[in-house]
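Written out below as C-alpha cells is the structure these notes cover.
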Amino acid sequence: MIQACMDLINTQEYISWKLPKDWTIILTTNPDGGDYHVNSMDIAQTTRFISCELKFDVDCWAQWAEETNMDGRCINFILKHPEIVTEATNPRAITTFFNAISSFEKFEEQLPMIQMIGEGSVGPDMTSLFTLFINNKLDQLMSPKDILLHDNEDYIVGALKSTVGREDSYRADIASIMSTRLVNFALSHFKSNPMKAEVIKRLEKLVVDDIFAIDLKYMIVRNLINGNKQKFQKLMLNDKVMEYTIR
C-alpha cells in the first residue's frame, strides 16, 4: 500500500493506472512524537514530497462549524477558549462531544449528563471549563440568526448593548465571539439566500452604532466584503461604513 502511494506521488502513475490530469494527492498523518501509534517515514520517503505541520486555526474552525450548522452554543465556547484545543483534546474529539450534547435544549438542566459525556470524550479539564461556561450563562448568548434576521431591530440592538456592555463594563471577549459568529453566519446564509435591503440596513446599524469596538467593526466590514463582495457591496454605499473599508 505504501509503495503504491509512493509511486503515485512520485510519478503520478502505478502500473497501468495514471492519475487524472491536474490532480494532486494530499496525504495526512498523525505526528510521530510518541503520542500516536504511527510508523516513522524514512529519508527516502520524506524527500519525495513537500510536508508541513498543520495547526489548529480557530477562525477556520468557526467558519466550518457555522457552515455545517454545529450547535451555536458549542461554537461560542471554542471561540471563548481556543487554547483548549490541543493534541490531546483535538478538534475531532471536541466535535464528537458537541454532537453528543447538541440535542439538549437547556444545558444547565443536563449538567450531570454533559459532565459524564465530556469526561469520556474530551477529558476532565475541558469538561470543567465547559461547565463553568454554562454556569456563567455564556451558552445563552443571542444567535447570529436573531441578530441579523429578527424583526424587532430596537430589541436586538438593546439586547446586544446589554450583553456586550459599554466603557468599563465592555466585554471584549463576548463582543469578539458575537461579531465572529455574525460574519460567519451572514457569509454562510447568503450563499444560497437572496440579500434583502433590511439586512443591509441591519448590518449598517450594527457597524455604525456604538456596540462593537472599532477593531471589530473593521473586521466585520472587511470580512463580509472580502467573503462575498457581490452580496455585501451595498454596505459601501454608507459613508460611515465605507470608512472601515479603507482603514
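The values are calculated or read from the model by the stated rules, or taken from the named source; none is laboratory data. Model, not experiment: these values are computed from the prediction. With ideal geometry, Cβ positions are generated from the backbone for all residues, glycine too; neighbour counts draw on all protein chains shown.
Quick notes on this structure:
- Test for Arg92: is it touching a Phe, Trp or Tyr at 6+ places or on another chain (Cβ under 7 Å) and part of a helix (DSSP H, G or I): no
- Selection count where residues are of a type in the set (Phe, Trp, Tyr) and touching a residue at least 12 places away in the same chain (Cβ under 8 Å), scope the range 82-104: 2
- Residue in the range 132-144 that is of a type in the set (Asp, Glu), assigned to a loop (DSSP other than H, G, I, E, B) and within 19 Å of Trp61 (Cα to Cα) present: no
- Only one of Glu87, Glu83 that is closer than 30 Å to Lys106 by Cα, in the same structural domain as Lys106 (by TED's automatic domain parsing) and not in a helix (DSSP H, G or I): Glu87
- Selection from the range 117-139 of residues that are in contact (Cβ under 8 Å) with a residue 12 or more places away in the chain, surrounded by 13 or more Cβ atoms within 10 Å (Cβ to Cβ) and of a type outside the set (A, V, I, L, M, F, W, C): Gly118, Ser121, Gly123, Asp125, Thr127, Thr131, Asp139
- Scanning the range 198-247 for residues that are surrounded by fewer than 17 Cβ atoms within 10 Å (Cβ to Cβ) and among the aliphatic types (A, V, I, L, M) turns up Val208, Ala213, Ile214, Met236, Leu237, Met242, Ile246.
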